[in-house]
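Here's the structure, in structure tokens; my notes come after.
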């Protein structure tokens, strides 16, 4: 051995790898391993940071442009509901009064506005009466008209109103419209903005929280200040109700059958594979399917929550089935054996023991499926939910068949419009949608905590 | 003298609880149990021993048709409980399992209260007409499970909060609650510490006064400690069945000898 | 049965070690019987003293074997043939220890007898008897090593011869004592020696019983063959009186 020329070197290597070295000295191999671990950690941190940054950026942009939609500019005026103009017959006949269009109300409101300005002592120097009148929203006459139609006996009285200011005035207070942009804008003049400033100081014009954003229906292109999410929220709520009522029992029943009762053969394997595939089908395909089956074939009305609900149910079912099956699978077999061992039938085993344990998972899956459905736009576009709907749908269940909008579609709709005020509305709607989703996810987490049990 | 012999024979026949003849169990193509014939006696602890995969658990599960739940599992041959074929098409396995209770390797109490764990079986089988009767069954079962004194003040607490040994005794009490005639135990102590094991073994010894107990165990010492009859399985065959004393001091078959002396795995 | 090895090879080593000690002990005991008989015959006080001292080694071995067996039982929980082996080793070692004690006793009496006038022919007869017991022991240990139940059974039956030799010697000593009362002291000692050898034979029979239990798992059912007409038998007395 000793006369072999390489033996020394070989021995040296052997000693290195088999110890005999101090623990206090870090060898090259360990250093290399530690370095690669440190690199990987850094990579992970960078990835997380990018994700967080993207999220923060997204939220910041939405919040910065959308939060202002929760505040709105209003003008306090008192309007004399002149019987000569509103009820020429004088018999307070609602049918007759309703024939008076918003044009009939416009002069009354303008007069009320002028009186309010006069009373506040703000001077009208350098501004025409027409320009002053234009500061009011085009929605204002409709507001007053609705008030009168609700109670015709008020005709002849003077009533206080909080009417909407025009979109540009609102935009000025929110910083969207400036003196410079007003010079170039046909719809607003700097003089109007200066008057608005003075009126605000005098307390005639004020900016307050915008409840109407949640309750009012959509509005036309020229009056973004009046547009609200009322119909969209109702439509989304109806659809979620339909999705929940249909997909939860169907999905859970299907999963229980497949997981616990179905024989294992090629047919059930095929079904399983297809359910997984279904979850990956693009949502627009479901829209086409809904259009073909529910509207063209079954003859259900367009733009109706019932159709939207059915389409979203089809979309949600695979999610619920997959989540339910996963949580059924995660119930330890020992529980099933225990139940069978004391003589419970298959059915009793499933419903007394397995299902309660799987419940948190099922609920979480359902809520996540619902949240997914809530944010879904594409299929709804195809079944006509993108229509402009100003009428509130009726209460359930008839309301399911009335035309309605949906939250994500409303967002899509508003982003299509020209007036920059709708960008603010769309961002506001996104915030509302996000809040709903966050609430639903929190509900899922809470339910999970509540029902979770150790076994 | 002749009468006496006949009398003894009669008693012997009455004592047989399970009579199995040429039992075969298949899992799909796999022949897991081959020609097993064994008589399991009443009020006796019978232990099944053998290396892993020898079929002892499979055979145990054939005795209350727990194998039915496994797809592709087929049982042939004759298995009779008190003279009735348990694989007769008219037999509902649910009814059979109420008569032949089972305790599993890992303690598996339901994630419910201790009371509900015990009361579940009697409830689904309609063994109690009212709350008082149910209470009585629960108390009796817990006493039989040697657990009453430890849990009587906390019956409404979850069964999963008990220690491992207590959980296993709870599971035994749960099986006892359905008034079975035979108790099958599939390695009931393999997840327990020695103290809990000793408590469960003590319990098994008491249970044999009322039940026929069949226990599958990997611990030969346990089989030797608790059972009166021992069956040694190897590669799906029943190699030797006899008195535990004989099996552990002077087995007939060299394979049994090799296994219990630690010469084959 | 033992052609296979244990999965735990340390178990094999422990079992082998304790049996090796037993065989060593058996060898020592055989030697000690032989030497004590020789010392008696040759009136060799020194040899007798050696035998007495040698018994200490036997006792130590016996203690060691019981300790090892206890440890084997505690640590390995032997079953079936292993269990029988351990039990047998314990019992045989205790038998051997007794036989060793008898040899020591013979040596002690030999030292006394050496001070007294010799009895013609008696020592030779006693030595023959001792030789027979020694052969039986040797065969019993052989049977143990070979797990040979047949040989062990043969050894058991040879105990009959030892009993008969003892009876014959008993009568001889009676005659000597009646002839000359001065012989009484020597004859009493010689009788005790013969009795000890007879008892040693009984222990060898017990060893053979253990060998049969070891190899068959059952103790021999027929009672140990006894020499007819033991000296306690009144009839024998009367017969020999005549």
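Just so it is clear, none of the values below were taken in a lab; they were calculated from the coordinates. None of the values given here were measured: they were computed from a predicted structure. All Cβ positions, even for glycine, are placed from backbone atoms using ideal geometry, and neighbour counts span all protein chains on display.
Once the piece of chain linking residue A:21 and residue A:241 is laid out straight, how much longer is it, given 0.36 nm per residue of separation minus the C-alpha distance between them?
72.1 nm
Stretch residue A:48-residue A:347 to full length: gain in nm at 0.36 nm per residue minus the Cα-Cα span?
So the chain would gain 103.0 nm between residue A:48 and residue A:347.
Among C:79, C:125, C:48, whose mean-square fluctuation peaks in a Gaussian network model of chain C (Cα, cutoff 10 Å)?
Judging by the Gaussian network model, the answer is C:79.
Taking Cα atoms, how many degrees apart are the long axis of helix A:28-66 and the longest axis of chain A, rounded to 10 and kept between 0 and 90?
With rounding to tens, the tilt is 10 degrees.
Only Cα pairs under 8 Å and at least 6 apart count here; give the relative contact order of chain A as a rounded whole percent.
18 percent
Expressed as an acute angle from 0 to 90° and rounded to the nearest 10, what is the orientation of the C-alpha long axis of helix B:164-177 relative to the principal long axis of chain B?
Once rounded, one gets 90 degrees.
Taking the Cα centre of each part, how many Å lie between the range C:17-51 and the range A:223-264?
99 Å
Under a plain spin-label model, where a point goes 7 Å from the Cα along Cα-to-Cβ, how far apart in nm are residue A:381 and residue B:181?
If labels sit at residue A:381 and residue B:181, their model points lie 7.2 nm apart.
Run a plain Debye calculation on chain B (Cα atoms as equal point scatterers, no solvent) and give log10 I(q)/I(0) at q = 0.16, 0.17 Å⁻¹, rounded to two decimals, same order as the q list.
For chain B at q = 0.16, 0.17 Å⁻¹, log10 I(q)/I(0) is -1.24, -1.36.
So how do A:80-89, C:28-37 stack up, highest first, on mean other-Cβ count within 10 Å?
Taking the mean over residues of other Cβ atoms within 10 Å, the ranking is C:28-37, A:80-89.
What does the extension gain come out to for residue A:55 and residue A:221, with contour length at 0.36 nm per residue minus their alpha carbon separation?
The span from residue A:55 to residue A:221 would gain 56.6 nm if fully extended.
Once label points are set 7 Å from the Cα along Cα→Cβ at both residue B:206 and residue C:195, what is their separation, rounded to one decimal in nm?
The modelled label-to-label distance comes out at 5.6 nm.
Got a sec? How would A:70, B:233 order by Cβ neighbour count within 10 Å, fewest to most?
Taking fewest neighbouring Cβ atoms as first place, the list is A:70, B:233.
What list do you get for B:73, B:171 if you sort them by fewest beta carbons within 10 Å?
B:73, B:171
Using a Förster distance of 25 Å, how high is the FRET efficiency between residue C:112 and residue C:153, based on the Cβ-Cβ distance and rounded to 0.05?
So the FRET efficiency works out to roughly 0.05.
Report the Rg/Rh value for the range C:9-241, based on alpha-carbon coordinates and the Kirkwood definition of Rh.
Taking Rh as the inverse mean 1/r over Cα pairs, Rg/Rh reads 1.03.
Between residue C:128 and residue C:17, what FRET efficiency follows from the Cβ-Cβ distance if R0 is 30 Å, with the result rounded to 0.05?
0.25
Within 10 Å of each residue's Cβ, count the other Cβ atoms and sort C:221, C:132 from fewest upward.
Taking fewest neighbouring Cβ atoms as first place, the list is C:221, C:132.
Obtain the nm distance between the two label points defined at residue B:131 and residue A:284 by a simple spin-label model: each point lies 7 Å from its Cα along the Cα-to-C-beta direction.
6.3 nm
For residue A:448 and residue A:180, what is the calculated FRET efficiency with R₀ set at 56 Å and r taken between the beta-carbons, to the nearest 0.05?
FRET efficiency, residue A:448 to residue A:180: 0.55.
Counting DSSP beta bridges with both partners in chain B, what percentage is antiparallel, nearest 5?
60 percent
Nearest 10 degrees, 0 to 90: what angle lies between the long axis of helix C:122-146 and the longest principal axis of chain C (Cα atoms)?
Result, in degrees: 10.
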